[in-house]
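Trainee: Once you've had a glance at the structure underneath, I'll fire off some questions.
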Amino acid sequence: MLILENVAQSYGAKPVLKDINFSLKAGQIGCLLGPSGCGKTTALRLIAGFEQLNSGAIYLDGEAVARPGACVPAEKRKVGLVFQDFALFPHLHVAANIGFGLSHLSGADRDNRVAEMLDLVGLTQEASAFPHQLSGGQQQRVALARALAPRPRLLLLDEPFSSLDVELREKLALEVRDILNQEGITALLVTHDQHEAFAMADRIGVMHHGVIQQWDTPYNLYHQPNSRFVADFIGQGVLMPARVLNSRQVEIELGVLEGRIPGECSQEGGCSRCDKGCMVDVLIRPDDILHDDTSPVLATVERKAFRGAEFLYTLRLAQGGRVQVLVPSHHNHAIGEAIGIRLDVDHVVAFRQ
Amino acid sequence: MPEPESLSIPSVAAPPVGASSFTGRLGPWLAVLPIALITAVPVLVVLSALAHPDQTIWEHLWKHVLPELLVNTAWLVLGVGLGVTLLGVSLAWLTAVCDYPGRRFFAWALLLPLALPAYVTAFVWLGLFDFTGPVATWLRESFGILKPPPVRSRSGVILVMTLALYPYVYLTSRAAFLGQGRRLMEAAQSLGQSRWHAFLKVALPMARPGIVAGLLLAVMETLADFGTVSVFNYNTFTTAIYKAWFSLFSLPAASQLASMLIFFVFVVALLEYQTRASASYAASSRAAAAPSRIALKGWQAGLALAWSALVFGLAFVMPVWQILDWALNVFEQDFDARYLDFAWHSLLLAGLGALLVGTLALVLGYAQRLHPTSAMRVAARLSTLGYALPGAVLAVGIFIPVAWLDNQLIERLGLEGQVLGGTLAVMLLAYCARFLAVSFGPVDAGLGRISKSIDEAAQSLGVVGARRLWRVHLPMLRVPLLTAAALTFVDVMKELPITLMTRPFGWDTLAVRVFEMTSEGEWERAALPAAAIAIVGLLPVFMLIRHADHAHT
């Protein structure tokens, strides 16, 4: 459906995107996730057709829409866009906004399609309201309906929830996902917020310095990050120094971890050379550690953050290492208190030091 | 949260898709270059006079003309500068920061003098203090004072121009005071400063860029003024240019004088540009709430009220009342078919001017939006430089190339008489050069408020080019375009030197009529056309007031 092939982009001497490759199947929702300046917005604008491609190719439905020197202009790509600021036309009411891209249809067809879209996003009552009379969430849905009305081949969403209240974001993300799934829309989302990405996307590409570090399912990104950057950017956790005992075992301060050792070690072949005794960093997520009062292993509470249902404790180990652990919030320990912990790791993620 | 990466995409390096074709890149320049030339040519023509000084003319000017002009101009700038700062800042501070009876009324009423051309206020004052005028008569009859205070003097000009121009400083410094909001004052107070101290230490220094910007605008208007000084027979560069041209028929002398004036003006314009560039810290966030006011009590409130009323009375009520009185006196005998002609000429010029200048401003702004390159910005800045050019200078700068073109046409094609010179086309060209900035300001700001993603939204929905301009931008620019047109309309109507110096022979407008009547001391008869100008002039001031209210409430 959407294919990016060796896409690279630079402005002057400054490379913004390097060798981007990924594809989306029809009906899939993809996401480019990364911090500011990682190049994700540039990628989106290249797909939309607002920027000229330097090298590589972008295919939509098998048609090459962008190659160096030969780009289909944005208005001919049939790619819908939901903008960060929604970009609703302030002088047009909701129905006219949604019908804006439908001038090729006859009056009756246009009205039908607009009514259909209003119904889809649940704004039939607001058809004749002006954008400034709507709440942020409603504006967002108008922007979505407007982009979907001309039946685009692909929908692009640029930080679509970032101008909304935090409480509203996740709710709307799920709502939008339902609408897209219901309509069978292929979509690509760009965001710096992993919660948004997790709530919306089937496939996520974590971007850093113009490179897609990992293109994977949300689950795999969290549990099997392939680089330090991804491990650090996605979710919480700490990297602890560990010694490789053999191809299935590493030893950390808290004990020996067993499991396949994937990640950088296996991929780069780095560990095969120092199979034994090699020092690596192991990713320990808060859910890899359990609070257990009966455990002989004690750690001191250094910091605590109340999260409602649970506490996120930062613990200092005997030899100075630090780990984070999520504990149900009825276990209310004071700072400085020593509590028992136990490892519960079912796979090992290790990186070369 | 806007991402830096999306802001920093350099459109210079990467032209937007669809702009890559030859015509795509050239098209905007074909539109913008001629517009820039309208301003650039007169400036260059006048400046070239500076590069080729004529020995004999210079000697004559140095001996007989320049000393008086320089002294007069220096006094005028100094006096008006001080005057407008005193009036503008004090009134802005009272209405923006304090509270006293009548504050709400004066807050907008004090802007009304903007509607009166300075030359109208000027002849009212002269008429009032004339030997047969009401003030002189009253002084004589009530107090036996035979000699009324000499209004036709340097201090008289300064007083009148101060009353006419203080609204510039009032407007900008009031906006600065209001824009500061309450937070910083509260912060200063929380750090132990008294309210007055906080004002002096925080609010006033922060408002300085706003004050200076208004002051420099007023100084530019002072340098450019032709009507007021000629009513007062106070010789400055503009009147000297006019005399050199129309009494001595020496275009070279006129252009030498114009080149000197342009030099002074550019110095001021440069200062103004710099303050504007550095004024950003005075403009605070939109969230700034209206400052909690200092409530004046007792004699303080009385004094504030008296000061506001005095300035408002002298600068607006008295001139307007007097003009209406005079106009009614002479209406019966003076109003005839010629007046319909004057009015028709004024409306035609102002209407065409507003339409043309508004269109050019839109073209300029739109080209800049589609191609935000630095070359395009320079072109736009060049095109809007004309606001700094005194009308008298522009008239010279336009007349010289037009006369040259006329000669070429006559020689080459065997045409007779003037072809271009003395036509409406040349006048309109001069108006464009002079007032493009007036129109460009609102249009550019209006375009600036339309986010780039609106353009892209339309594009992604298949709507580009002229259809996008028609369906998206024009409707969104309705208010700015109307503002631009209204401002230009009134400015053209009030305009004196360009109209006077480039109009077709015998083509009188209301402003020209005012000028001619005042030159003969016929104050009452000048009042009739002046009243018409003043009434039309109120229109954009009311728009400005409404806009200011929207921005601050």
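Bear in mind that the values in this text are calculations on the coordinates, not laboratory data. Computed from a predicted structure; not experimentally measured. When we count neighbours, we look across all protein chains shown, and the Cβ atoms used for this are built from the backbone with ideal geometry, even at glycine.
Trainee: Tell me, what does the Kirkwood hydrodynamic radius of the stretch A:158-228 come to in angstroms if you use every pair of distinct C-alpha atoms?
Mentor: Result for the stretch A:158-228 stands at 13.0 Å.
Trainee: Could you rank the peptides B:115-123, A:206-214 by their average count of other C-beta atoms within 10 Å per residue, with the highest value first?
Mentor: Going from most to least packed, we get B:115-123, A:206-214.
Trainee: Now for a separate question. Rank these for me by crowding, A:R248, A:R342, going from fewest to most other beta carbons within 10 Å.
Mentor: A:R248, A:R342
Trainee: Still on this structure: Might you report the magnitude of the Cβ-based charge dipole of the protein assembly as shown about its Cα centre, with Lys and Arg at +1 and Asp and Glu at -1, to the nearest 20 debye? Walk me through the numbers before you get to the answer.
Mentor: On the way: 69 positive and 72 negative charges, 182 e Å.
Roughly 880 debye for the protein assembly as shown.
Trainee: Ok, one more. Can you check what the Kirkwood hydrodynamic radius comes to for the stretch A:2-228, Cα pairs only, in Å to one decimal? Working shown, then result.
Mentor: Values: mean 1/r = 0.0555 Å⁻¹.
For the stretch A:2-228, the Kirkwood estimate is 18.0 Å.
Trainee: In addition: Quote the Stokes-Einstein diffusion coefficient, in whole µm² s⁻¹, for the protein assembly as shown, based on the Kirkwood radius over alpha carbon pairs, a temperature of 37 °C and a viscosity of 0.692 mPa s.
Mentor: D, rounded to a whole number, is 100 µm²/s.
Trainee: What is the antiparallel percent of DSSP beta bridges lying wholly in the protein assembly as shown, to the nearest 5?
Mentor: Of the beta bridges lying entirely in the protein assembly as shown, close to 75 percent run antiparallel.
Trainee: When every alpha-carbon pair in the stretch A:1-137 is counted, what percent end up more than 26 Å apart?
Mentor: So the portion of pairs separated by more than 26 Å is 39 percent.
Trainee: Tell me, what is the percent relative contact order of the stretch B:28-552, built from C-alpha pairs under 8 Å that lie six or more residues apart?
Mentor: Averaging sequence separation for qualifying contacts and normalising by length gives 23 percent for the stretch B:28-552.
Trainee: Then there is this: Once you've got the Cα coordinates, tell me which of B:K63/B:K243; A:K25/A:K78; B:K201/B:K297; A:K40/A:K171; A:K18/A:K40; A:K40/B:K452 are over 21 Å apart.
Mentor: With Cα atoms farther than 21 Å apart: B:K201/B:K297; A:K40/A:K171.
Trainee: Starting from the exponent 0.38 and prefactor 2.2 Å, build the expected Rg for the stretch A:187-251 from its residue count and divide its actual Cα Rg by it.
Mentor: Details: Rg = 13.8 Å, N = 65, 2.2 N^0.38 = 10.7 Å.
That works out to 1.29 for the stretch A:187-251.
Trainee: To the nearest whole percent, what portion of all C-alpha pairs in the stretch B:224-273 is separated by more than 14 angstrom?
Mentor: Of the Cα pairs, 55 percent sit more than 14 Å apart.
Trainee: Taking the simple approach of a point 7 Å from Cα along Cα-to-Cβ for both A:A309 and A:D61, what is their distance in nm?
Mentor: 4.3 nm
Trainee: Treating only the Cβ atoms of Lys and Arg (+1) and Asp and Glu (-1) as charged, compute the dipole magnitude of the stretch A:239-352 about its Cα centre; round to the nearest 20 debye.
Mentor: The dipole magnitude comes to about 260 debye.
Trainee: How large is log10 I(q)/I(0) at q = 0.16, 0.18 Å⁻¹ when the Debye formula is applied to the Cα atoms of the stretch B:440-526, each weighted equally and without solvent?
Mentor: Log-scaled intensity ratios, in q order: -0.73, -0.81.
Trainee: Need one number for the stretch B:345-387: average projected area of the convex hull over its C-alpha atoms, nm².
Mentor: 3.1 nm²
Trainee: Once you keep just the Cα pairs under 8 angstrom separated by 6 or more residues, what percentage relative contact order results for the stretch A:239-352?
Mentor: 33 percent.
Trainee: Given the peptides A:313-326, B:498-511, arrange them by the average over their residues of other C-beta atoms within 10 Å, most packed first.
Mentor: Those peptides, ordered most packed to least, come out B:498-511, A:313-326.
Trainee: May I pose another question? Calculated from DSSP H runs of 4 or more alone, at -39500 (n - 2.57) each and per residue, what is the 222 nm mean residue ellipticity of chain A, nearest 500?
Mentor: Per the formula, -7000 deg cm²/dmol.
Trainee: Just to be sure I understand the rule: take each whole DSSP H helix in chain B, project its Cα atoms onto its long axis, keep it if the span is 27 Å or more and its mean Kyte-Doolittle hydropathy is at least -1.0. Which ones pass?
Mentor: Helix filter hits for chain B: B:22-51, B:66-97, B:154-180, B:204-224, B:251-278, B:337-370, B:391-413, B:424-449, B:523-552.
Trainee: At 222 nm, what value in deg cm²/dmol follows for chain B if DSSP H runs of at least 4 each add -39500 (n - 2.57) and the sum is divided by all its residues, to the nearest 500? The partial results should precede the final answer.
Mentor: Numbers: 26 runs with 405 residues, N = 553.
Per the formula, -24000 deg cm²/dmol.
Trainee: Let me ask another. Is there a simple number for the mean count of other chain Cβ atoms within 10 Å of the Cβ of residues in A:74-84, and what is it?
Mentor: 5
Trainee: Which whole number gives the average count of other chain Cβ atoms within 10 Å of the Cβ atoms across peptide A:85-98?
Mentor: For this peptide, the per-residue mean of nearby foreign Cβ atoms is 4.
Trainee: Taking 37 °C and 0.692 mPa s as the conditions, I'd like the Stokes-Einstein D for the stretch B:28-552 in µm²/s, using the Kirkwood hydrodynamic radius from alpha carbon pairs.
Mentor: In µm²/s, the coefficient is 133.
Trainee: Sticking with this one: Among A:185-197, B:197-209, A:226-238, how do they line up by average Cβ neighbours within 10 Å per residue, starting with the highest?
Mentor: Working: A:185-197: 23.2, B:197-209: 17.5, A:226-238: 19.2.
Packing proxy ranking, top to bottom: A:185-197, A:226-238, B:197-209.
Trainee: Amide H of A:V349: which non-local residues (sequence gap of 5 or more, or other chain) have their own amide H closer than 5 Å, using H built in the peptide plane?
Mentor: Correct list: A:L283.
Trainee: Relative contact order of the stretch A:85-169: what whole-number percent is it, with Cα pairs under 8 angstrom and at least 6 residues apart? Don't skip to the end; give the middle numbers.
Mentor: Details: 88 pairs, mean separation 33.3, N = 85.
Contact order relative to length: 39 percent.
Trainee: Kirkwood hydrodynamic radius, the stretch A:81-154, all distinct C-alpha pairs: what's the number in Å?
Mentor: Numbers: mean 1/r = 0.0837 Å⁻¹.
Here the Kirkwood hydrodynamic radius works out to 11.9 Å.
Trainee: I'd like the orientation of helix A:136-148 relative to chain A: the angle between its Cα long axis and the longest Cα principal axis, in ° from 0 to 90, rounded to 10.
Mentor: 60 degrees
Trainee: Under the Kirkwood approximation for Rh and a Cα-based Rg, what ratio Rg/Rh is obtained for the stretch A:239-352? Write out the running numbers ahead of the final one.
Mentor: Details: Rg = 15.1 Å, Rh = 14.7 Å.
When Rh is taken as the Kirkwood radius, the ratio is 1.03.
Trainee: Would you order B:W321, B:W29 from fewest to most other beta-carbon atoms within 10 Å of each residue's own beta-carbon?
Mentor: Lowest count first: B:W321, B:W29.
Trainee: Which percentage, to the nearest 5, of the DSSP beta bridges contained in chain A is antiparallel?
Mentor: 75 percent
Trainee: Give me a single rounded figure for A:42-49: the average over its residues of other chain Cβ atoms within 10 Å of their Cβ. Numbers along the way, then the final one.
Mentor: Details: counts 4, 0, 1, 6, 1, 0, 4, 6.
Per residue, the average neighbour count from other chains is 3.
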